[in-house]
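The values are calculated or read from the model by the stated rules, or taken from the named source; none is laboratory data. In this text, all values refer to a predicted model and were calculated from it rather than measured experimentally. Here the Cβ positions follow ideal geometry from the backbone for every residue, glycine too, while neighbour counts run over all protein chains shown. These area figures cover heavy atoms from the full protein model, side chains too; ligands, DNA and RNA do not enter into them. Shrake-Rupley method; radii C 1.70, N 1.55, O 1.52, S 1.80 Å.
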Amino acid sequence: GNSAAMNEVGYCYSHGNGTDQNKTKALECYEKSANLGNCKAMCNVGLYYHKGVGVNKHVNKARELYTKAAAQGDEDAQTILNGLNEQ
């Protein structure tokens, strides 16, 4: 139930830190964390949808997640949103 820890586990799976790299498990962890309100995880899930990593590419869903994360103060999400809005 710890959103920060779940996001970190997702990061470990995403990058293969201390475990085999597994993008599917990473996304599952990021989504659990995002559902608990973690803005970093929202941004991470957004990246997966934005780039189509382990899921079908869905820029509008990514934008929605970036917007939620940015509203909570996530600077990375805000930077990405700014770039999307300039396109």
Given (i) 3, 11, 11, 11, 8, 8, 10, 12, 11, 7, 6, 1; (ii) 3, 18, 25, 25, 18, 7, 2, 0; (iii) 3, 13, 21, 21, 17, 11, 8, 4, 2, 0, 0 as candidate values of P(r) over Cα pairs in 5 Å bins from 0, in percent, which corresponds to the one derived from the coordinates? (ii)
Heavy-atom surface of the chain, accessible at 1.4 Å and reported per residue (Å²): 60 Å²
Mind checking the stretch 14-87 for trypsin sites (Lys or Arg not before Pro) that DSSP puts in a loop (not H, G, I, E or B) and that have at most 13 other Cβ atoms within 10 Å? K57
Need one value: the accessible area of H15 in square angstrom, 1.4 angstrom probe, rounded to the nearest 10. 100 Å²
Applying the Karplus parametrisation 6.51 cos²θ - 1.76 cosθ + 1.60 with θ = phi - 60° to the phi angles of the stretch 40-51, what ³J(HN,Hα) value in whole Hz is obtained for each residue in order, glycine and proline being reported as x? 5, 5, 4, 5, 5, 5, x, 4, 4, 6, 4, 9
Determine the share of the chain's accessible area contributed by carbon and sulfur atoms, expressed in whole percent, with a 1.4 angstrom probe. 45 percent
Inter-label distance, nm, simple model (7 Å from Cα along the C-beta direction), K57/H15: 2.5 nm
Run lengths n ≥ 4 of DSSP H only: what is the helix-derived mean residue ellipticity at 222 nm for the chain, with -39500 (n - 2.57) per run over all residues, to the nearest 500? -23000 deg cm²/dmol
Amide H proximity to G54 below 5 Å, modelled H, separation 5+ or other chain, gives none
